[in-house]
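Student: Once you've had a glance at the structure underneath, I'll fire off some questions.
The values are calculated or read from the model by the stated rules, or taken from the named source; none is laboratory data. Since we're looking at a predicted model, the values are computed, not measured. Heads up, the Cβs are rebuilt from the backbone with ideal geometry, glycines too, and the neighbour counts pull from every protein chain shown. Side chains are part of the model used for accessible areas, which takes the heavy atoms of the whole protein and leaves out ligands, DNA and RNA. Shrake-Rupley method; radii C 1.70, N 1.55, O 1.52, S 1.80 Å.
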Amino acid sequence: MAMLVSQQQLHRESSSGSIGSMGGGGGGGKQNHHHNHHLDSGKYVRYTTEQVEALERVYAECPKPSSMRRQQLIRDCPILSNIEPKQIKVWFQNRRCREKQRKEASRLQTVNKKLTAMNKLLMEENDRLQKQVSQLVYENSYMRQQLQNAAATTTDTSCESVVTTPQHSLRDANNPAGLLSIAEETLAEFLSKATGTAVNWVQMPGMKPGPDSVGIVAISQSCSGVASRACGLVSLEPTKIAEILKDRPSWFRACRSLEVFTMFPAGNGGLIELIYMQMYAPTTLAPARDFWTLRYTTTLEDGSLVVCERSLSGAGAGPNASAATQFVRGEMLPSGFLIRPCEGGGSIIHIVDHLDLEAWSVPEVLRPLYQSSKVLAQKMTVAALRHVRQIAQETSGEVVYGLGRQPAVLRNFSQRLNRGFNDAVNGFNDDGWSLMSNDGADDVIVTVNSGKNLSTISNPANALTLSGGVLCVKASMLLQNVHPALLVRFLREHRSEWADYNFDAYSAASLKSGSYAYGGLRSTRFSGSQIIMPLGHTVEREELLEIIRLEGHALTQEEAMMSRDIHLLQICSGVDENAVGACSELVFAPIDEMFPDDAPLLPSGFRIIPLDTRTGETQDTLTAHRTLDLASSLEVGPSTNRGAGDASPSTHNMRSVLTIAFQFPFESHLQDSVAAMARQYVRNVISSVQRVAMAIAPSGPGLQVGPKVSPGSPEALTLAQWISQSYSYHLGADLLRSNGEGGDSILKLLWHHQDAILCCSVKQLPVFTFANQAGLDMLETTLVALQDITLDKIFDESGRKALCSDFAKLMEQGSAYLPAGLCMSTMGRHISYEQVIAWKVLAEDNSVHCLAFAFVNWSFV
C-alpha cells in the first residue's frame, strides 16, 4: 500500500510511521497515478512499505549515510531505483529529525518525573524544616523563661536537676527478644533523624538540589559525633537499592571487611543481623577503626523499606578480640537508609550516617578529619547515593565505557586499585605485613610482606608467583596553602615532573612471565610523554578510570630489544576544587598491555585529605601561572562544574595531609638492594611533590612544566576568534553563527560545534594542540593527552596519502578539502567521516599559528 505525504508534513511524524521527502517524480506505481494527477508531483513523494523497510534497515546501521553510501543504496536495492538521491537524502534528514524528537520527548518525560518526585521531596523537606523552626522557637521561649526564673531566684540551690542520658548497653546477644527491642529503638531513632528533627541539619556547602544533582545533602550541627544525611531519586526498585547498599565494601572505599555473624527473622518479615566491620585508616598517622553493630531490616506500613543500624556496646564486645591492638573501636549511632517507592517506578531514598570516630585517639593535627561532618558526608553518605545512581544508569544502558568493557569489570578494577592502596597504607599484620628496620632516618616507613606475591592479588590460575614478596615505602606529611584537587590534577597531568620511568619499567617487568629478574634497574630511556586513554567515569565525573601509556624510545639497537611502552591502570578522584571535604587521590598500577580482566595489580599513589574543610568566600581567581592546561580557561566542557564567572575557593591557610605509598615487588636475594632503591626513590618523589606544592600555592613562585607552551600561544578566547576568522577568510563562509555577544560566545559555539574541530602545530611532525568537545569525543582523549598525539597517527593509509597530496595546496591557498575516509581514535576504534575541511589559522600579525581540521559528519564504524 502506498503512502502519501505532503511538503508541509515533511518534518512531522506521520501516522503510518513513514516520512515523505520532497523532490521531483518518484511515484509509487502506475495503478495509483490517477489519484494525484491533478497535484504538483514535485511536492509529493510516495514510498511503498517495502521501500520504507529497506530505508529503515539502512538507517539502523548508519543514520547519517554519505552521498556515496546513498548512491550505493539505490544501486543495491532495485525497489529504490525510482527514487532520486536527493529524495533519499531528505528522507534520512526527516528520519533523524523524528528520532531526535522522539528522544527529546522521552527525555522531557524523564525530567518531568524527576521534577515531580523532587518537588515531593522538597515539600517534605520544607515540612521538616517548619517543624524544626517551631521546635526552635519553643525552645527559645522556654530558655528565656528559665533565664528569667534564674534571675528571680538567685539563692535557691536546693533543687538540682540531673540530666541523664540513657546508656545503650548490650543486652544478651543470644536473646532474640532483647535484640528485637534494640532493633525497634534503633528504627524509631533513625526515622526521627531521617524525616524528623532529632538532629539539627544544615545544608552541605556546595551541594545544591536539582533534577541533575546527586540529591539534597545536609550535615549535623552541634550534635554528639558527626552525622550527615542525603535524600535523592534513584530509578531502581527499593529491594534492589537495599541489596546494593547492604554490600558496604562495594561502595564504601574505607570499608576493609564486613562480616555477618548472626542473623534471625523478626516480626513483619524483618531481619536482624549482628555485624562486625573494619574500616581502613586514611593515613599512616592514625589507627584503623572497627564496629560491632546490629542491623535491622524491615518494611513500614506505607510500604517503605528500612535498613537501620547501631553499635551494640563498647570496645570489649564483638568477635576478633586479637584485632583490638590494631583497631580503635568506633561507635555507630542509629543510622541507615529509608527507601520509598515512587509512582511510575523508581524510589526516593533517605540515607543517614551518624558516627563517633573517637577523635581522641589520633594526633591533634588530624582531629578535624575525625570531627568533620563534611568529610563523613563525602566519604560515606554521598558516596552511597552516587553508587546507587551509577548502578541505575548502568542498568538503563546510559553509560558507555571504553575498550568494550562491561561496567562491572571496570568498577571491579577501581575497587581493587583502592583496596590495594589502602592495604599498603595500613599494612595490617593479619595480611602478612611487618615493619623493616630503617636506615637511620624516620622520614619514610618501609614494610615488607614476604608472603604477598602476585598470586595473592589476582586469580591464582593466572597469577605470577615470585620467590620474594612486596615492599611498601610510605609516608605522611602536612601541606600548607595548596588545594588537594589542584595538586592531584598537576600530578596526573605532569607525571614527568615527579616520576622516574625506569621505576615504572621495573614494576611493570614483574607482570611479564619470565622477565622479572632485573638484578636492579636497567637504564631505559623514555620520551617523558604520556598518553591518557579514558576508560570510564562515575556519573558526576568525581572519579576517572584510565589507562596511561608511557612511550618508550630506543636509542640503540640493543635497547630496541628491551625498550617498549609501559601501561598503567590509574584512578583519579577528587579533582573538583568546589567539593567541600572531598579527598583527592591518584592511584595507579602497572598492567599488561592486553588489559586482562583478572590482571594482577600492585597499586601505588597519593592521597590528599583536607584538614580545614571550610571554604573561602573570596572572589580571587587562580593566577595565570597555576593554569594547568587549556581546559582550565575553557570552562565550557562537561568535565568541569564551574562557570566562567564562578569564584575559586581560597587556599590561604588551608591545611591538608598527604599520604604517599609505593609498592615494589622483589625476589628474596634482592630484598635489601630493592629496599635501599625504593627508599631513595620515594624520598625523591616526596621532594618533587613538595616542590610542586610550593610552586602552585597562591604565594608560590610558579612552576615551569613541560612540554613548554610557546610564548606566542593564545588564550582560549583568542584562539577561538582566530579559528573562526581564518575560516571565513579562506573559505568565504562562517564557521560559527555568532550572536554578537563577543569572544566568550564564540568560544562556547566552537566548543559545542557538531563537527570535530582539531588544531595542530605547523611543524615537521604536527602535534595536536587543541580540540573542541566533538574532537575529544571522536579521538576518545582529553585536552591534556591530546598534546601527545601526532596528526599522522589518526589517519589510515589512504587518509595520509590524501593529506600529503593536498598539503601543498593547503599551505599555498590557505584551505583544502579532503575526501571521505576513515581515521582511528586513541582507543583503536575506526571512525568514518564525510569530509575534512582544512585551513590555516592566522594570528593577528597574519603569521600561521596552526592548522585546523574540521571532520564533517563523523561517526564510529
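Student: What nm value, rounded to one decimal, do you get for the distance between LEU300 and LEU147 when each label is placed 7 Å out toward the C-beta?
Tutor: Result: 3.7 nm between the two label points.
Student: For MET263 and LYS120, compute 0.36 nm times the residue count separating them, minus their Cα-Cα distance, and round to one decimal in nm.
Tutor: Full-extension gain reported as 47.9 nm.
Student: Where the Cα atoms of region 761-861 are projected onto their three principal axes, how long is each span, largest first, in whole Å?
Tutor: Ordered largest first, region 761-861 gives principal extents of 39, 28, 23 Å.
Student: Now a separate question. So how much slack lies between GLU104 and LEU670, counting 0.36 nm per residue of separation and subtracting their Cα-Cα distance, in nm?
Tutor: 197.5 nm is the gain from fully extending GLU104 to LEU670.
Student: Take the alpha carbon gyration tensor of region 105-144, find the square roots of its eigenvalues, order them as a ≥ b ≥ c, and report rounded if a/c is under 1.5; if not, report prolate when a/b exceeds b/c, else oblate.
Tutor: prolate
Student: For region 261-266, in order, what is each residue's ³J(HN,Hα) by Karplus, 6.51 cos²θ - 1.76 cosθ + 1.60 with θ = phi - 60°, in whole Hz (x at glycine and Pro)?
Tutor: Calculated HN-Hα couplings, in order: 8, 9, 8, 7, x, 10 Hz.
Student: Oh, and also: Identify the trypsin sites (Lys or Arg not before Pro) of region 776-861 meeting these criteria: DSSP loop state and at most 12 other C-beta atoms within 10 Å of the C-beta.
Tutor: For trypsin sites (Lys or Arg not before Pro) across region 776-861 that sit outside H, G, I, E and B with at most 12 neighbouring Cβ atoms in 10 Å, the list is empty.
Student: Expressed as a whole percentage, what fraction of the accessible surface of region 800-861 belongs to carbon and sulfur atoms when a 1.4 Å probe is rolled over the protein heavy atoms?
Tutor: 52 percent
Student: Where the Cα atoms of region 772-824 are projected onto their three principal axes, how long is each span, largest first, in whole Å?
Tutor: Taking max minus min along each principal axis of the Cα atoms, region 772-824 gives 31, 22, 18 Å.
Student: Could you give the length gained by full extension between GLU593 and ASN502, i.e. 0.36 nm per residue of separation minus their alpha carbon distance, to one decimal place?
Tutor: Length gained between GLU593 and ASN502: 31.0 nm.
Student: Just to be sure I understand the model, the point goes 7 Å from the Cα along the line to the Cβ. What's the resulting SER313 to VAL856 distance in nm?
Tutor: Calculated label separation equals 7.9 nm.
Student: Given R₀ = 22 Å, what would the calculated FRET efficiency be for THR49 paired with ASP76, taking r from the Cβ atoms and rounding to 0.05?
Tutor: Efficiency, from the Cβ-Cβ distance: 0.75.
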